[in-house]
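Quick notes on the structure that follows.
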Amino acid sequence: MPQVIRLYVDSLLLMAGSTFLLDLITLWAVRQMGGAVAPRAGSGPCVRPRLAAGAGLSTAVFVAMVSLAQLGLADLKSGVSITAAAVAACASLILAFPGMSLRATATALFYRSLLTALAGGAATAAYSFTAGNRATSFIAAIAAVALATEAGWGAVHRGIRDGLFVVPVDIDFGADRVSVQALIDTGNRLRDPASRNPVIIVEYGAIESALPCEVRAALAQPGDDFMAQARAVAGSTWSSRFRAVPYSSVGRDKGMMVGFRPDRVRVADGGRTITTSRAVVCVHTSTLCPGGNYRALLNPDILTAA
């Protein structure tokens, strides 16, 4: 008598729905934790379909593999199944975040794997404590991802970010070149209000050698007198480069930063080099990183400004 193989469609649909939701939240978390990973993903409503498409792809592959396993046509622990899962994970990331470099894809895959493992651990623990309640374990998995993203990332995120997202940047002003290590800072969304070019914030000490003497003297003065700085720049050889960039920070609702238009900015981002003149360099008179790992904050939009 031939063996009867049953495939429970309702269980597969439930599994597909829960897997899609978890994958969607995980992709969202990857974007929140490392927005600089995929700067071309942008923001706004166009991002949501991409995240949904990425989650849909990985969910479809997972459901197909489970279905084949239930039919006895595949082994989920085999090398082929594991390879297929890894390829699907990479493909879903590329679909969700188009335009990523190989380095960025590897970083995003690391983030996603970490979050998936965290979700699995939370689900297993909740399943054990609630005597097999699947709804509770699913909620625990989602909560673990959300909490890790919004609250628990902290020092781990900073450590990985400072190691992976610090890139060398060359800034040319005529014959003078300033070379600094810059953090790709997703919190820096400053733009020059006139040209709409993205901003690089550079420590005064790192850019001092390229500044004209009169500008250097004004910026080196204690305090934060923007008008005095602007007057000094207006009377210097850099008057045509001058930009006034408004900003907000903790403890200060509105302020103005002195900025300059460079001739060229070159960013070495993994295996590619981005060169553009569409940027503004603002001078910061305080230390940006106490540990000295970087001396500039790079707006991620500069990576797509070329």
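Among all positions in the range 96-111, there is at least one residue which is at pLDDT 75 or above and not in a helix (DSSP H, G or I). Pairs meeting the criteria (first residue in the range 135-152 and surrounded by 14 or more Cβ atoms within 10 Å (Cβ to Cβ), second residue at pLDDT below 75 and part of a helix (DSSP H, G or I), beta carbons under 8 Å, at least 6 apart or on different chains) are Thr136/Tyr127; Ser137/Tyr127; Thr149/Gln32; Thr149/Met33. Taking the listed residues Leu183, Leu190, the one that is surrounded by 22 or more Cβ atoms within 10 Å (Cβ to Cβ), in contact with a Cys (Cβ under 9 Å, 6 or more places away or on another chain), touching a residue at least 40 places away in the same chain (Cβ under 8 Å) and over 10 Å from Ala296 (Cβ atoms) is Leu190, with no other qualifying.
Ser236 satisfies every condition listed in (1) in a loop (DSSP other than H, G, I, E, B); (2) surrounded by fewer than 15 Cβ atoms within 10 Å (Cβ to Cβ) except (2).
Of all residues in the range 259-284, those that are part of a strand (DSSP E or B) and closer than 23 Å to Ser236 by Cβ total 9. For residues that are surrounded by 15 or more Cβ atoms within 10 Å (Cβ to Cβ) and in contact with a strand residue (DSSP E or B) (Cβ under 9 Å, 6 or more places away or on another chain), scanning just the range 95-134, find the one that is farthest from Thr304 (Cα to Cα). Ranking the qualifying residues of the range 95-134, first place goes to Ala104. Of the set (1) under 27 Å from the mean Cα position of the chain (by Cα); (2) at pLDDT below 90; (3) under 24 Å from Tyr294 (Cα atoms); (4) not small (Gly, Ala, Ser), all apply to Ile200 but (2).
The values are calculated or read from the model by the stated rules, or taken from the named source; none is laboratory data. Bear in mind that the values here come from a model prediction, so they are computed numbers and not experimental data. All Cβ positions, glycine included, derive from the backbone under ideal geometry; neighbour counts span all protein chains shown.
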